[in-house]
Structures are given as structure tokens and as C-alpha cells.
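Mind having a look at this structure? Questions to follow.
The values are calculated or read from the model by the stated rules, or taken from the named source; none is laboratory data. Quantities reported herein were computed from a predicted structural model and do not represent experimental measurements. Heads up, the Cβs are rebuilt from the backbone with ideal geometry, glycines too, and the neighbour counts pull from every protein chain shown.
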Ligand SMILES: *Cc1c(COP(=O)(O)O)cnc(C)c1O
């Protein structure tokens, strides 16, 4: 069976290989069977290894849902009574975390920072030094809305200096940028199968310090379905997920992880960075401005500002590209017209060269002049 190959430049789900797509086609199986549970047990270990954690110190906990479910679980499950969460808020995804704290009625500090500038780590330290009730320091590794990279190693070191835990949304960096739990001072990280792993959506996971997960047994339970300890303990005691897992996505993800190890951490990282560099070259050639300076970017997402051209129509340009197999994506910055080109999936430099041929045709088709123009602002 052959399916058409689309090049997805949106921030996940990403382009997958045919072998990952086809891995979903398996005989029907009840996920309570040992044969299926064994796949999950192996996957738990593999997911700890991808972030170089030791099996004695870290555990993987699965959830059935998109990446956001892991943010929800970490925030609602890791806060002891009487303590606070510090949300380092410098983008759309960390703003979502602050919103979650609000919805759960958690005690939290919404520490807002500019979304297009490198984080002021000393300001984070001042907040930590001034408030002894903070227990969870929450940050976002790569703010996928802008491509801004946060210095999680420094944030984690500060968290530990002030006896806090470091929880990092690594959803758009896991299996993309090399991550090392201990060296990067991360106690909890998370992701979803459809992002860096290049699998299907529906399976998300948290990798975290087992000792802290065990301790969280005594923290307030704020959700029945989305509680970290409950899900962890059920798997540990019964060898299976508490509720129905996304069976086909699990098969696809097992295949995707095999392909991850075959490609290799560094080679894969270099491929994504190479794709990103090619995207930036194309944008630069056409005169587009980026939101974040190169030295502050994670190197996976290019967010470009809409040009000041009366013929610029993102919807039309999107449709032109989409009909030709390329998906581009709007930005996520309030009050500013931006679009994004991401380098997450099973794509390479040749795909980006082909994309820019089509993208330039789209601009010409819409009578947008190139190089694109900006009024002085
Ligand atoms: C994709 C992403 C999420 C989760 O999005 P879902 O649509 O729920 O999968 C969360 N944080 C970051 C940084 C992301 O890139």
C-alpha cells in the first residue's frame, strides 16, 4: 500500500515514514494481553534512554491524549499542599500552563517575560529567592510559537538551589535536541508521539524522577483521569495502563523508536538543524524577517513576520502550497501576523528546496512582490 507523502511544516503532527504508518496495521488485539503490555514496558525504558536517564532514577508514565495532557498532569499532580508553582511565561505554550494553574485554582506565580528575547535568568532567581513557598519551577524548552529556546539547564540549577523541582515542557524538543535529564537539571520532561518521535498522535508521556512521583502519592489529587501517581502506580502494580491506550499509535511509536535509534540522536539532530538552516536561507532570500534572533532560537521553528504587502494573504498562500503537498502554519503571537515553518518530521533539505519552489510560485500567484517589503517598524 502506498500513501501520498505530504511535507508537514506545521509544529506537529510531523511527516512520518511509510514504515511507521504501516506499523499501525496489525491484527486486532486486546491491550490487556501480555504481548501488548510487553511493548509498553520496553517503550518505557526506551523513552528514559532517549533523555539519557538511568532506569534506577527515572520512570515513564503514559497518557492517552495530545501533548497538552502532560502539561495538565504535571501541573495538577506535582504540587504539595501549601506550595506554589512558578510558571516562566514567555510564549503561547507557557501561557497555556499559567491558564491551567488558574483553572485548577492552584497557587501560582505567572512570571511574564518578553516572548522574543532571551530569558533573564537573574530575574527568575530573584523570584525564587523572595518566595520560599515555590516548589515547582515550570518552563518550556522551546516555545513552539516563536522558536525561542529557554535555558533549562540554568533554570533547573536555580530550581534545585532553592529546593524546588524543575518541570520542563520538552514537547517540541524531545527526540529533536539532545536532552540529558541529570546534566540539564530536569526532574520532569514530557512529550507526545507525534512530535520529535515522528509517530502518530494520541500517545503522550512524562519521564520523571521516580522518587518524586512516589512522594506525590501524598499530594492533593485534583483529577481522576489525569493524575500522575495514580497512572504510575496502576502500571507498576498491574503492568498496563489504567484505561484504554491508543493501540495503533503504540505500534506506530514502537516502530518510530526503532527508527530513532537507527538514525541516531546526533545524526537526527543534525538533520533537523540542517532542514531549519535551509528554511532560514529560503526566508532570508525572499526578504522575510524572523521574530526571534538566530542566537536565541532552538533551531527547529522559524517564525516569520507577515510582510507589508496588500496582496499578502496567508490563507491563499497556504492553500496553494497545501494543494501541492506542503503544509505551512500560522503563528501564535497575539496582535502580530506571523507564520511558521518547522523542521520536525521525516523530512530533509531536498524537501525544503522543493518547498521554496512552490512557495515562490504561491507568492507570484498572489502578486506578492519579492523580496518582500516591510514598512519601517
Ligand atoms: C505541541 C506542543 C504542545 C502540545 O500540543 P498538543 O496539541 O496538545 O499536542 C505543548 N507544548 C509545546 C511546547 C508544544 O510544541
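Restricting the search to the range 148-177, which residues are within 11 Å of the ligand (Cβ to nearest atom) and either modelled with pLDDT under 95 or not in a strand (DSSP E or B) (or both)?
150, 170, 171, 172, 173, 174, 176
A quick yes/no check of all residues on (1) touching a strand residue (DSSP E or B) at 6+ places or on another chain (Cβ under 8 Å); (2) assigned to a loop (DSSP other than H, G, I, E, B):
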{"position": "302", "(1), (2)": "yes, no"}
{"position": "310", "(1), (2)": "no, yes"}
{"position": "316", "(1), (2)": "no, no"}
{"position": "319", "(1), (2)": "no, no"}
{"position": "358", "(1), (2)": "yes, no"}
{"position": "364", "(1), (2)": "no, no"}
{"position": "368", "(1), (2)": "no, yes"}
{"position": "376", "(1), (2)": "no, yes"}
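Give 242, 234 a once-over and let me know the one that is without any contact (Cβ under 8 Å) to a residue 40 or more places away in the chain, assigned to a loop (DSSP other than H, G, I, E, B), surrounded by fewer than 24 Cβ atoms within 10 Å (Cβ to Cβ) and over 13 Å from the mean Cα position of the chain (by Cα).
Of 242, 234, the one residue that is without any contact (Cβ under 8 Å) to a residue 40 or more places away in the chain, assigned to a loop (DSSP other than H, G, I, E, B), surrounded by fewer than 24 Cβ atoms within 10 Å (Cβ to Cβ) and over 13 Å from the mean Cα position of the chain (by Cα) is 242.
Among the numbered criteria (1) crowded, with 18+ Cβ neighbours inside 10 Å; (2) under 20 Å from the mean Cα position of the chain (by Cα), which one does residue 267 miss?
(1)
A further question follows. State whether one or more residues within the range 34-53 are part of a loop (DSSP other than H, G, I, E, B) and closer than 15 Å to residue 246 by Cα.
No, the conditions are met nowhere in the range 34-53.
So, residue 94, is that one within 22 Å of the chain's Cα centre (by Cα), in a loop (DSSP other than H, G, I, E, B) and within 16 Å of the ligand (Cβ to nearest atom) or not?
No; evaluated as a whole, the condition is false for this residue.
To continue, here is another question. Please go through the range 97-147 and pick out each residue that is closer than 29 Å to residue 223 by Cα, part of a loop (DSSP other than H, G, I, E, B) and either under 19 Å from the mean Cα position of the chain (by Cα) or within 15 Å of the ligand (Cβ to nearest atom) (or both).
Within the range 97-147, 141, 144, 145 meet the criteria.
Looking only at the range 276-294, count every residue that is within 21 Å of residue 143 (Cα to Cα) and either out of contact with any helix residue (DSSP H, G or I) (no Cβ under 6 Å at 6 or more places or on another chain) or outside any helix (DSSP H, G or I) (or both) and tell me the total.
Here the count works out to 11.
A follow-up question, please. Let me confirm something: among 31, 11, 27, which residue is within 12 Å of the ligand (Cβ to nearest atom) and in a loop (DSSP other than H, G, I, E, B)?
11
Could you please find all residues in the range 55-84 being in a loop (DSSP other than H, G, I, E, B), away from the ligand (no atom under 11 Å from the Cβ) and under 28 Å from residue 12 (Cα atoms)? Give the steps one after another, and end with the answer.
Of the range 55-84, the ones in a loop (DSSP other than H, G, I, E, B) are 55-57, 65-67, 78-83.
Then drop every residue that is not away from the ligand (no atom under 11 Å from the Cβ), which leaves 55-57, 78-83.
Correct list: 78 only.
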